[in-house]
Amino acid sequence: MNYAALRNRMVEEQLIPRGISDERVLEAFRTVERHMFIPAESRDNAYEDHPLPIGEGQTISQPYMVALMTQCLDLKGNEKILEIGTGSGYQAAILAAIVKEVYSVERVELLAKRAESALKKLGYNNVKIKVGDGTLGWKEHAPYDGIIVTAAAPKIPDAYTEQLNMGGKLVIPMGTMFSQILTVAEKKTDGIQTRDMCGCVFVPLVGKDGWKE
Ligand code: SAH
């Protein structure tokens with residue numbers, strides 16, 4: 001398999017025609033080895049236009065959704081970003097390729113361990129992972145320039161608006177357990193301003209300030 005060629009094709013056919021235009025995001029998608037974050041048996045499907053199972057009932061999102069969410073953060077390169085739901089570690093790697101520091105919280109220990117080892121193997125040394133309830137954010141390293149939530153929430157957990165820098169953006173799928181609207185919230189001096197992006201389907205954000213188990 002020529003994975004580099006598949007990556008270029010993914011960028012040209014799935015991302016650019018749908019409106020991903022941020023060069024930093026496109027470059028990250030050309031370089032980050034998505035197949036290294038996917039279980040061996042489905043590796044050859046890594047660059048296809050859909051989500052894939054990563055074990056423990058969880059999924060790695062469709063490339064376009066990862067790209068759209070990343071683009072919504074409007075990154076310049078020197079940010080500190082919090083991700084909720086490490087999963088495979090792919091979204092964390094995309095962020096790590098663009099920004100200075102990435103903090104990521106995952107509730108399933110096995111997934112966190114696997115993601116950590118994949119990221120380390122590929123040399124993404126600017127990502128720190130914690131096992132825990134991400135609905136509480138990660139207070140120790142706050143404030144963040146951006147927060148990206150890769151699981152579906154019933155509402156914006158209080159911790160996220162508290163741990164976000166002024167002017168920072170929060171990208172979060174919000175709605176029911178079964179379908180959501182990808183929402184971008186910006187923290188401004190006069191409050192939180194939200195914008196709806198598109199419909200989406202994510203696995204539930206399970207925790208104290210999310211869905212109950
Ligand atoms: N960003 C991931 C995809 C994540 S799938 C990737 O690039 O592969 C959503 C993940 O959110 C799952 O791994 C799930 O276990 C995790 N999750 C759900 N609720 C959570 C919570 N409260 N805190 C942290 N992680 C959570």
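Amide hydrogen proximity for Ile148: with H placed 1.01 Å from N in the peptide plane, the residues at 5 or more positions away or on another chain lying under 5 Å are Leu82, Glu83, Ile84, Val171.
Dimensions of the chain from C-alpha coordinates, computed as largest minus smallest value along each principal axis and given longest first, are 50, 34, 33 Å. Computed from point charges on the beta carbon alone (+1 for Lys and Arg, -1 for Asp and Glu), the dipole magnitude for region 127-183 about its Cα centre is near 100 Debye.
Sorting the segments 158-164, 76-82 by their residues' average number of neighbouring beta-carbon atoms within 10 angstrom, most packed first, yields 158-164, 76-82.
Helix 63-72 axis versus longest C-alpha principal axis of the chain: approximately 40°, rounded to the nearest ten. Using the Karplus relation 6.51 cos²θ - 1.76 cosθ + 1.60 with θ = phi - 60°, the per-residue 3J(HN,Hα) values for region 54-60 come to 10, x, 6, x, 10, 9, 8 Hz, with x marking Gly and Pro.
Electrostatic bookkeeping for Glu109 treats Lys and Arg as +1 and Asp and Glu as -1; over the other residues with beta carbon under 11 Å from its beta carbon, the sum is +1. Specify the angular offset, from 0 to 90 degrees and rounded to the nearest 10, of the alpha carbon long axis of helix 109-121 from the longest principal axis of the alpha carbons in the chain. Roughly 60 degrees, rounded to the nearest 10. Summing +1 for each Lys or Arg and -1 for each Asp or Glu among the other residues whose beta-carbon sits under 14 angstrom from that of Met177 gives +1. Residues Thr189, Thr86, Thr150, sorted by accessible area with the largest first, give Thr189, Thr150, Thr86 [1.4 Å probe; ligands and nucleic acids excluded]. The phi torsions of region 18-23, fed into the Karplus equation with coefficients 6.51, -1.76 and 1.60 and a -60° offset, translate into couplings of 8, x, 7, 10, 5, 4 Hz, rounded to whole numbers, with Gly and Pro shown as x. For region 83-95, 3J(HN,Hα) computed residue by residue from phi via the Karplus equation (6.51, -1.76, 1.60; θ = phi - 60°) reads 10, 10, x, 4, x, 6, x, 5, 4, 4, 5, 4, 5 Hz, glycine and proline entered as x. When both bridge partners sit in the chain, DSSP labels roughly 50% of those beta bridges antiparallel. Find the centroid of the Cα atoms in region 146-213 and in region 106-122, then give the distance between the two in whole Å. Answer, in whole Å: 23. Scanning residues 5 or more positions from Lys130 or on other chains, those with amide H under 5 Å from its amide H are Ser104, Val105, Glu106, with H placed 1.01 Å from N in the peptide plane. Using only side-chain charges placed at the Cβ, +1 for Lys and Arg and -1 for Asp and Glu, the dipole size of the chain relative to its Cα centre rounds to 280 debye.
The values are calculated or read from the model by the stated rules, or taken from the named source; none is laboratory data. Owing to the predicted nature of the structure, the values given are computational and were not obtained by experimental measurement. Note that each Cβ is placed from the backbone with ideal geometry, even for glycine, and that neighbours are counted across all protein chains shown. All accessible areas refer to the heavy atoms of the entire protein, side chains included, with ligands and DNA or RNA removed. Shrake-Rupley method; radii C 1.70, N 1.55, O 1.52, S 1.80 Å.
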